[in-house]
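Structure, as structure tokens:
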Amino acid sequence: MQEDKIYEYAVIRLVPKVEREEFFNIGLIMFSKREKYIRFEFHLCNEKFQSMKSKLDYEDIAQNLENFKNVANGQKEGGPIAVLEIPERFRWLTAVRSSVIQTSRPHPGKTKDLDATFDRLFDELVK
């Protein structure tokens, strides 16, 4: 029988006007220390983005999300944070910040299949 894997995940949010605290979900990050697993995906819907009537630039936000993904995946393009161990990268990415890209608090869970759980959560919370 396959053993349950413990994981944490956080929802990535776009907060176009930080002072109004309005946001919509645009991505998900999940990690499992024991499994040495981290996954970051985002879906930036242009229609939702435009509906927020923000002065933010869509391409700038998309590039920032790519940078977050580089950090999560340990890519050299992610800079010095990207070379840290997976738990440290997850903690850095999910740190509280008052910027237009924020995350929810991390949530714990157990699963037998990390990728299937990620896909389910992404579909439920982001798409």
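The residues in the range 53-82 that are part of a helix (DSSP H, G or I) and either β-branched (Val, Ile, Thr) or touching a residue at least 24 places away in the same chain (Cβ under 8 Å) (or both) can be counted, and the count is 9.
Number of residues in the range 83-102 that are in contact with a strand residue (DSSP E or B) (Cβ under 6 Å, 6 or more places away or on another chain) and over 15 Å from Tyr7 (Cβ atoms) equals 1.
Quick check: is even one residue across the range 109-127 at pLDDT below 95, part of a loop (DSSP other than H, G, I, E, B), closer than 30 Å to Glu3 by Cα and not acidic (Asp, Glu)?
The answer is yes; a qualifying residue exists.
Scanning the range 68-82 for residues that are surrounded by fewer than 17 Cβ atoms within 10 Å (Cβ to Cβ) and in contact with a strand residue (DSSP E or B) (Cβ under 9 Å, 6 or more places away or on another chain) turns up Asn73, Gly74. If you go through the range 87-108 and keep only what is within 17 Å of Asn67 (Cα to Cα), in contact (Cβ under 8 Å) with a residue 12 or more places away in the chain and in a helix (DSSP H, G or I), you end up with Arg89, Phe90, Trp92, Leu93. When the residues of the range 10-52 are filtered to those that are in a loop (DSSP other than H, G, I, E, B) and free of Cβ contacts under 8 Å to residues at least 24 places away in the same chain, the one that is surrounded by the most Cβ atoms within 10 Å (Cβ to Cβ) is Cys45.
The values are calculated or read from the model by the stated rules, or taken from the named source; none is laboratory data. What you are looking at is a predicted structure, and each value in this text was computed from that prediction instead of being measured. Cβ sites come from the backbone with ideal geometry, for glycine too, and all protein chains shown count toward neighbours.
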